[in-house]
1. Could you tell me how many of the residues in the stretch 60-114 are touching a Ser or Thr at 6+ places or on another chain (Cβ under 8 Å), in a helix (DSSP H, G or I) and in contact (Cβ under 8 Å) with a residue 24 or more places away in the chain?
2. Read through the list (1) at positive phi; (2) not in a loop (DSSP other than H, G, I, E, B), then give the number of the only condition that Gly125 fails.
3. Does the stretch 1-25 hold any residues that are assigned to a helix (DSSP H, G or I) and buried (at least 16 other Cβ atoms within 10 Å of the Cβ), and which are they?
4. Those residues that are within 15 Å of the ligand (Cβ to nearest atom) and either over 17 Å from Asn71 (Cβ atoms) or touching a residue at least 60 places away in the same chain (Cβ under 8 Å) (or both), I need them from the stretch 21-49; list them, please.
5. Taking the stretch 114-143 as the region of interest, how many residues are over 16 Å from the mean Cα position of the chain (by Cα) and of a type in the set (A, V, I, L, M)?
Amino acid sequence: MPITLPPLPYTKDALAPHISANTLDFHYGKHHNAYVTNVNNMIAGTDLAELSLEDIVMKTAGDAAQFGLFNNAAQVWNHTFFWNSMKPGGGGKPKGAIAKRIEADFGGYDKFAEAFKTAGVTQFGSGWVWLVEKSGQLEVMKTPNAEIPLALGIKPLLTCDVWEHAYYLDYQNRRPDFLAAFLAHLLNWDFANANL
Ligand code: MN3
């Protein structure tokens with residue numbers, strides 16, 4: 001069963017001006033789509049062809065012989081999770097159950113936001129910054145390249161892509177500004193609550 005590119009949960013211009021339709025044309029239409037194509041080319045005719053995307057990720061994680069497939073499959077998963085981690089008119093302070101957890105585990109929204117931004121800014125090179133639940137505790141973590149908390153047994157609640165392709169057209173080298181816009185205007189707390 002081929003892996004498919006899920007539809008974006010909003011129109012390509014819905015996140016502007018924080019993320020432009022031009023960025024989503026490339027990031028979703030080219031980068032994300034290419035990962036899907038690569039996975040399908042790599043699993044065709046193999047035992048992995050019948051597995052779900054998540055099973056392919058879990059089965060190839062940590063296997064040096066499957067490094068290429070892991071990278072592409074994890075990137076398909078990460079990007080779908082990232083699109084859902086944003087919504088038009090999102091951002092700002094959390095609501096619902098996660099608000100209490102942010103308060104209890106970080107000591108308030110401002111401390112969470114600072115930790116999230118710092119993790120994103122200090123991820124050297126390409127990668128991801130995550131809000132995760134680890135051993136019953138909310139934490140911010142960063143991962144390089146395609147690495148994915150799921151493969152480490154850690155539950156992701158939301159993520160921001162800090163590969164340059166995520167922000168370069170709109171922010172050039174200003175990754176901190178992109179992270180600030182993500183936190184203030186895009187972050188989808190409904191999604192984080194649903195994942196909690
Ligand atoms: Mn990306």
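Only the coordinates and a few stated rules stand behind these numbers; no lab work does. The structure presented is a predicted model; accordingly, all values stated were derived computationally and were not measured. Methodologically, a virtual Cβ is constructed for each residue, glycine included, from the backbone with ideal geometry; neighbour enumeration extends over all protein chains shown.
1. 6
2. Exception for Gly125: condition (2).
3. Residues satisfying the conditions are Thr23, Leu24.
4. Asn22, Thr23, Leu24, Asp25, Phe26, His27, Tyr28, Gly29, His31
5. 2
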